[in-house]
Amino acid sequence: VNRLGIVAVSNALPQDITCLAADRMLIFASHDNILHAFARNKEVVHTYEGHKARIHLLQPFGDHVISVDVDNVLIVWNIQSEEEYLQVDFDKTTFAVSALLHPSTYLNKILLGSEQGSLQLWNIRSNKLLYSFPGWHLAVTTLEQAPAVDVVAVGLVSGHIIVHNIKFDETLMKFQQDWGPITAISFRTDGHPVMAAGSPVGHIALWDLEEKKLMCQMQDAHSTAIAGMSFVPGEPLLITNGADNAIRVWIFDGPGGTGRVLRSRMGHSAPPTKIRYHGQNGEQILSAGQDGTLQSFSTVHEKFNKSLGRGSINKKKSKKKGLKLDTMALPPITVFASEVAHQNDWDSIVACHQGYITCTTWNYQKTSMGAHKLRPEEFSKYKPIDIYATAVDITSCGNFAVIGLSTGQVDVYNMQSGIHRGRYGKEKAHEGAIRGLAVDGLNQLTITAGSERLIKFWKFKTKDLVYSTELSSSPSGILLHRDSGILGIAFDDFSISVLDIETRKIVRTFSGHHGRINDMTFSPDGRWLITSSMDCTIKTWDLPSGCLIDCFLVDSAAVSLTMSPTGDFLASTHVDDLGIYLWSNRSLYSLVSLRPLPADYEPSVVTLPSTCPVQDVDMAGDEETSDEMIEYVSPEQLGEQLVTLSSLPESRWKNLLSLDVIKKKNKPREPPKVPKSAPFFIPTVPGLIPRYIAPEEDNDTQSKVVNLGVLAQKSDFCVHLEEALSTNECKLTRHFTKNVDANNILIHV
């Protein structure tokens, strides 16, 4: 809660988790009719099977756990032995269990709420009904223990909250909310008598229990129903979450008792429509969702995630009206483009909205919507219904945005000032709607694709038409790899072409998809083109060889793809899925066969990546591929008189003739020596002052000074001097006086 960061991620269950509860040791989670217990929030240690229907209520109960399914069967499980301790069947017509609570200090007792409105207090140990509360003839949605003993808050489907004393069966106070059924209740325990109650529309009401009145409202705390709500014990912190894919921590430190957001973690509340990597470091992914928001997700750590907010026609009016009554909200973003150059100086993102002619700018540094609304001057006074922006691109310098409309117009705007800087063509660039836009890396060419099967090349600065080519089918989208000058074109007939913008000719054509192509992305070096289609396949095409080298199936079709600028990850979003999935590039860390796949290749279904580590991975398939890689079969000769040349680079085969010489040169002269191991206890010299014994010198080491031995030229005089030096006795005087002659010099030592 201090940082609202992920502490641990458990292993995945086979199906979606429908119910969750925890005690001090274990976490209980159920899917369908099976209940699991997690230890250390990691692995499943207990499994409880016995329900015939989906479990919808859980309550830890000391050494037991209580579960209730939708068929009105209550089972008490022994946690350690996984056996049924007790099973109670209730009649749906008279008492359909809808809420479950263990009252504080009530030993072996549970309180059940029903859809009929009545309450029942049961003793689990003796399996006896102790007391029936008549209720208020309205379905009970939630039960919550108050800080006071014997007092329970009961939430009803009508929006009423009953604070009831179950010991004397007396109603202490009654509140009502006008926002529908009560979804969650929580009490402050830091000395303030405040109760918080959630609603299906996302509002939270705070009730003063001393004054017995509404203290304040927290409207639009979530954009959907409040699913869970809990005050941190002893602190003025409230944790809430909802179906809008957000968890928020509220702090109550201001006047009036209202709360403000202290920390939050949120994703898209509706599936993303477009994702693109932002920048060249491969650490941020920009994502536009059907909920109208633009968000930035970090691939390093989610504490770097940030939301750029929701598009609005007038931000000031939107803030006054609130989310629910916001008539100024813009439609969801369909296409956007971003550039890191000059993002510190002005807006760096430009986006098109669904069925809307105005394009918006966004500031990544300020994490907010930008200052400019980009649309043609002739539509500044009124907004046409049938004309809208379809494609957008931003130059690599970050100074200009190019926007294409459904009428065929292509306009250029300045990103700093928002001023219109020109239009391609006299009135229109194309007769049909613009399907794609691209500007090259040097701002020399602008490439436009129209629905009338034409691709046109324009001078970026002068807006003159340079070249036009007709395509075989109507394009559905284009993508330019600026570094290599390669343009990928997706067609309505599910085929893909690759065009070289230097020669302006189609160099590759791929076919194999059986559905509409949703998105394309290039690898950083421009060798691979990765495509996703509505046939639920993701295919990787190798451009130099012109072959399909990878293909796999997913459960739901990928709506958008983007490849990391560093080449390590492929990110994807899928139909009716809120998450962004990362796929690792295996060619970076293992040997991967890039051979062409056969024409009759049937792709296998691959499960989507998850946060938990993959377990029980079968490595047999990898071993087969590695064996296949080692074995190489030479192609058949075309003829006896012909020679088949190698397609490998020269460095791979030129040294084969001298391989024996190279091995002989690289052979080590002597085997490596094992270093002498140090003693466990270092020996010391005995004495009052402790000193370590000096290490013995190795005699194995050979001196580089050559000892000539008998070959050394030494005179008798030199030999006698050495003896005198070693014995400290000098006898040279006597010796030399006997042998002196006219030619010798007498030396006294």
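The values are calculated or read from the model by the stated rules, or taken from the named source; none is laboratory data. Just so it is clear, the model here is predicted, and its values are computed rather than measured. Virtual Cβ from ideal backbone geometry, glycine too; neighbours counted across all protein chains shown. For accessibility, only protein heavy atoms count, side chains too; no ligands or nucleic acids. Shrake-Rupley method; radii C 1.70, N 1.55, O 1.52, S 1.80 Å.
What length, rounded to one decimal in nm, is gained on full extension from ALA227 through to ASN728, with 0.36 nm per residue of separation minus their alpha-carbon distance?
Separation in residues times 0.36 nm, less the Cα-Cα distance, equals 170.2 nm.
GLU452 to ARG24: FRET efficiency via 1/(1 + (r/R0)^6), r the Cβ-Cβ distance, R0 51 Å, to the nearest 0.05? Before the final figure, lay out the partial values.
Numbers: r = 69 Å, r/R0 = 1.35.
FRET efficiency, GLU452 to ARG24: 0.15.
Search the structure for amide H atoms under 5 Å from the amide H of PHE133, placed 1.01 Å from N in the peptide plane, and list their residues when 5 or more places away or on another chain.
Answer set, sorted by chain and number: LEU119, GLN120, LEU121.
Please list LEU107, LEU172, LEU405 in order of solvent-accessible area, largest first, computed with a 1.4 Å probe with all protein chains present.
The residues order as LEU107, LEU172, LEU405, largest area first.
Defining a contact as two alpha carbons under 8 Å apart and six or more residues distant in sequence, what relative contact order in percent does the range 56-206 show?
Normalised by residue count, the contact order of the range 56-206 is 12 percent.
Find, among the trypsin sites (Lys or Arg not before Pro) in the range 172-233, those assigned to loop by DSSP (not H, G, I, E, B) with at most 13 other beta-carbon atoms within 10 angstrom.
Working: sites: LYS174, ARG188, LYS212, LYS213; in loops: ARG188, LYS212.
Answer by residue number: LYS212.
Do you know the relative contact order of the range 272-588, to the nearest whole percent, from alpha carbon pairs under 8 angstrom that are 6+ apart?
About 10 percent, as a whole number.
On full extension of the chain, what length is gained from LYS673 through ALA243, given 0.36 nm per residue of separation minus the C-alpha to C-alpha distance?
148.2 nm
Which is the longest part of the chain that has none of the GluC sites (Glu not before Pro) sitting in a DSSP loop with at most 12 other Cβ atoms within 10 Å? Don't jump to the answer; show the numbers that get you there.
On the way: sites that count: GLU83, GLU210, GLU211, GLU427, GLU431, GLU502, GLU631, GLU636, GLU640, GLU696, GLU697, GLU729.
After excluding every exposed loop site, the longest remaining stretch is 212-426.
Taking a virtual spin label 7 Å from the Cα of GLU636 along the C-beta vector, which residues in the range 586-604 bring their backbone nitrogen under 19 Å of it?
So the set is 598-599.
Any chance you could check the Cα centroid distance between the range 1-31 and the range 327-390 for me, in angstrom?
Taking the Cα centre of the range 327-390 as reference, the centre of the range 1-31 is 40 Å away.
Based on the Kirkwood radius over alpha-carbon pairs, what is the Stokes-Einstein translational diffusion coefficient of the range 8-89 at 37 °C with 0.692 mPa s viscosity, in µm²/s?
Numbers: Rh = 12.5 Å.
Result for D is 263 µm²/s.
With every protein chain left in place, what is the accessible area of HIS342 in Å² (1.4 Å probe, nearest 10)?
80
Given points 7 Å out from each Cα along the Cα-Cβ axis, report the LYS459 to GLN354 separation in nanometres with one decimal.
So the two model labels end up 4.1 nm from each other.
Angle between the Cα long axis of helix 620-630 and the longest principal axis of the chain, 0 to 90 degrees, nearest 10?
For 620-630 against the chain, the angle is about 40 degrees.
Between ALA694 and LYS306, what FRET efficiency comes out of the Förster formula 1/(1 + (r/R0)^6) with R0 = 51 Å and r the beta carbon distance, rounded to 0.05?
Computed FRET efficiency for LYS306 and ALA694: 0.20.
Among VAL335, ASN414, ILE247, which residue has its Cα furthest toward the positive end of the charge dipole of the chain, with +1 on Lys/Arg Cβ and -1 on Asp/Glu Cβ?
ASN414
For the chain, with all protein chains present and a 1.4 Å probe, just round the carbon and sulfur fraction of the accessible area to a whole percent.
Numbers: 22410 of 42830 Å².
Result for the chain: 52 percent of the exposed heavy-atom area is carbon or sulfur.
Roughly how many Å is it from the Cα centre of the range 49-97 to that of the range 217-252, as a whole number?
29
Starting from the 7 Å offset along Cα-to-Cβ, what nm value, one decimal, do you get for the label separation of LEU591 and ALA341?
Between LEU591 and ALA341, the simple spin-label model gives 4.3 nm.
How about LYS167: which aspartates and glutamates have a C-alpha closer than 12 Å to its C-alpha, ignoring those fewer than 8 places off in the same chain?
Within the straight-line cut-off, LYS167 pairs with ASP150.
Taking the Cα centre as origin and putting +1 on Lys and Arg beta-carbons and -1 on Asp and Glu beta-carbons, what dipole magnitude results for the chain, to the nearest 20 debye?
Values: 70 positive and 83 negative charges, 615 e Å.
So the magnitude is around 2960 debye.
DSSP loop (so not H, G, I, E, B), at most 13 other Cβ within 10 Å: list which chymotrypsin sites (Phe, Trp or Tyr not before Pro) in the range 335-397 pass both filters. Can you show the working numbers first?
Numbers: sites: PHE336, TRP346, TYR356, TRP362, TYR364, PHE379, TYR382, TYR388; in loops: TRP346, TYR356, TYR364, TYR382, TYR388.
Sparse-neighbourhood loop chymotrypsin sites (Phe, Trp or Tyr not before Pro): TYR382.
At 7 Å along Cα-to-Cβ for each site, give me the label-to-label distance between ARG421 and SER556 in nm.
Here the modelled spin labels are 4.0 nm apart.
In whole angstrom, how far apart do the alpha carbon centroids of the range 490-556 and the range 121-158 sit?
Here the answer is 61 Å between Cα centres.
Pairs of Cα atoms under 8 Å, at least six residues apart: use those to get the relative contact order of the chain, whole percent.
About 4 percent, as a whole number.
Once a ≥ b ≥ c are taken as the square roots of the eigenvalues of the Cα gyration tensor of the chain, is the result rounded (a/c under 1.5), prolate (a/b larger than b/c) or oblate (a/b not larger than b/c)?
oblate
Could you tell me how many degrees, from 0 to 90 and to the nearest 10, lie between the Cα long axis of helix 716-727 and the main elongation axis, the longest principal axis, of the Cα atoms of the chain?
Taking Cα atoms only, the helix is inclined about 50 degrees.
Once you list every other residue whose beta carbon is under 15 Å from the beta carbon of ILE251, what net charge do they have if Lys and Arg are +1 and Asp and Glu are -1? Present the calculation step by step, with values, prior to reporting the outcome.
Values: positive: ARG3, ARG188, ARG248, ARG260, ARG263; negative: ASP190, GLU235, ASP253.
Within the 15 Å Cβ shell, the charges total +2.
Using the structure shown, list the pairs from LYS306/LYS373; LYS92/LYS174; LYS303/LYS373; LYS426/LYS461 with a Cα-Cα distance above 25 Å, or answer none.
From LYS306/LYS373; LYS92/LYS174; LYS303/LYS373; LYS426/LYS461, over 25 Å: LYS92/LYS174; LYS303/LYS373.
Would you list, by chain and number, the aspartates and glutamates whose Cα falls below 13 Å from the Cα of LYS673, excluding same-chain residues fewer than 8 positions away?
LYS673 reaches ASP700.
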